[in-house]
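The next block holds one structure in the form of structure tokens; read it before the comments.
The values are calculated or read from the model by the stated rules, or taken from the named source; none is laboratory data. Remember, predicted model here, so these are calculated numbers, not experimental data. In this analysis, Cβ positions are derived from the backbone assuming ideal geometry, glycine residues included, and neighbour counts consider all displayed protein chains. Surface areas here come from the heavy atoms of the whole protein model, side chains and all, with no ligands, DNA or RNA. Shrake-Rupley method; radii C 1.70, N 1.55, O 1.52, S 1.80 Å.
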Amino acid sequence: MDAQNSAKVNTRKRRKETPGPNGATEEDGIPSKMPRCAVGLRQPAPFSDEIEVDFSKPYVRVTMEEASRGTPCERPVRVYADGIFDLFHSGHARALMQAKNLFPNTYLIVGVCSDELTHNFKGFTVMNENERYDAVQHCRYVDEVVRNAPWTLTPEFLAEHRIDFVAHDDIPYSSAGSDDVYKHIKEAGMFAPTQRTEGISTSDIITRIVRDYDVYARRNLQRGYTAKELNVSFINEKKYHLQERVDKVKKKVKDVEEKSKEFVQKVEEKSIDLIQKWEEKSREFIGSFLEMFGPEGALKHMLKEGKGRMLQAISPRQSPSNSPTRERSPSPSFRWPFSGKTSPPSSPTNLSRHKSAAYDIRYSYLEQNKFGSYVLLAQVQPGLTKNDAYGPQSRQGGHTEESVDP
């Protein structure tokens, strides 16, 4: 009994949703390791009818306690596991892995039932027997494959293949008119239980295919299979082709939407960057504009300064009365338009005027004072001298002046 409990500890329990690798749980025991004597890791496992057996040596079955302690290298514990193995999947592989790791030194023999037995007792299979043999033969845990394995194990079969233990899940397997086909194996103490993998089985895989039949039919039609090979009617074939075109259009639309979303996202990111840069530059521009054109900006000061200089230039100061005078070249003075009189002289000195009406142009005598301004000294008619503008006193003093030509 203790040996059976230790065997259960050494088994690796498989569950559908577990965090450990390969579906293993933390409570699973890790079997001790010994050098393997079996072959089959680099090449497919051989069939039982291709192996030579030395029947001269007597066959003595080992007990559970001896198998758990470990047997010599030349005497591995021979464990048998059988099944249909249709659509070979991970659940099958994990069951065989558990059987291989039941004992430190295990030689695993796997029996595969034929199509005839399977169709009679269980139902139709997807893979034929040769395909199922080949699938099991290439499993790395298998050391030997028995073709056309019996549905119910007999003592003759166990003795022929020198089987020590039979590995299977401990759920009663009712078939062939029996409540449990492994009942006599359990009673003989040759049963080594394994755990089923939840969520995966051949029936589950077939259910998925039947449930999504249209999807897989369209898939195979797209890959070159004919409607006759798929047993699809003409109408369904056209329907599947139309659905395939519609799905392609939907996929293209979806791709365009995703690309447009990415493009819009990139544009938004770039626009945000541009707005931030524009705000920074606008702040700098506004600051510079206010410094130049603001109420107290540099332009206002420049205008004030220029205005003062202009006023100073166009408004000269009056020359003092005692400033020396110098003669300057005469400057003509024109009469105002639509006026019969010429502008009066600006000098306080009594200037003589020419009474001739034929001349209405006068010459002005200017002098520059020490401040750089020009002062009007006298105005004379053409043909008179400067001394005539100052009166008879100038002429009596003997001073003469040439007449001014018009």
Point to revise | DSSP bridge pairs, the stretch 48-188: antiparallel proportion in percent, nearest 5 | key: 5 percent
Review point. How far, in nm, would the chain grow between residue 269 and residue 49 when pulled straight, counting 0.36 nm per residue and subtracting the alpha carbon separation?
Key: 72.0 nm
Review point. Which FRET efficiency value, to the nearest 0.05, do you get for residue 160 and residue 122 by plugging their Cβ-Cβ distance into 1/(1 + (r/R0)^6) with R0 = 35 Å?
Key: 0.90
Review point. Rounded to the nearest whole Å², what accessible area per residue is found for the stretch 163-207 with the 1.4 Å probe?
Key: 49 Å²
Study note, to complete from the structure: Carbon plus sulfur, as percent of the 1.4 Å-probe accessible area of the stretch 127-276, comes to 53 percent
Practice item. In debye, nearest 20, what is the charge dipole magnitude of the stretch 220-316 about its Cα centre with +1 on Lys and Arg Cβ and -1 on Asp and Glu Cβ, if you could check? Key: 500 debye
Review point. Suppose R0 equals 60 Å; then what is the FRET efficiency for residue 242 and residue 281 from their Cβ-Cβ distance, rounded to the nearest 0.05?
Key: 0.55
**Study point:** Cβ-placed point charges (K, R +1; D, E -1), dipole of the stretch 48-188 about Cα centre in debye, nearest 20
**Key:** 440 debye
Exercise for review: Could you compute the FRET efficiency for residue 74 and residue 200, with r as their C-beta to C-beta distance and R0 at 35 Å, rounded to 0.05?
Suggested key: 0.40
Review point. Quick one: length gained pulling residue 223 to residue 211 fully straight, 0.36 nm per residue minus the C-alpha distance?
Key: 2.3 nm
Practice item. Could you tell me what % of all Cα pairs in the stretch 48-188 have separations over 19 Å? Key: 53 percent
Practice item. With a 1.4 Å probe and all protein chains in place, put 211, 147, 162 in order of accessible area, largest first. Key: 211, 147, 162
Review point. Using modelled backbone amide H atoms (1.01 Å from N, in-plane), which distant-in-sequence or interchain residues come within less than 5 Å of residue 168's amide H?
Key: 192, 194
**Study point:** Gain on full stretching of the segment that runs from residue 179 to residue 255 - 0.36 nm per residue minus C-alpha separation
**Key:** 21.7 nm
Practice item. Sort 56, 288, 201 by accessible area with a 1.4 Å probe, largest first. Key: 56, 288, 201
Revision key, fill the gap. Surpassing 24 Å at the alpha-carbon level, of the pairs 122/239; 239/259; 122/228; 122/186, are 122/239; 239/259; 122/228
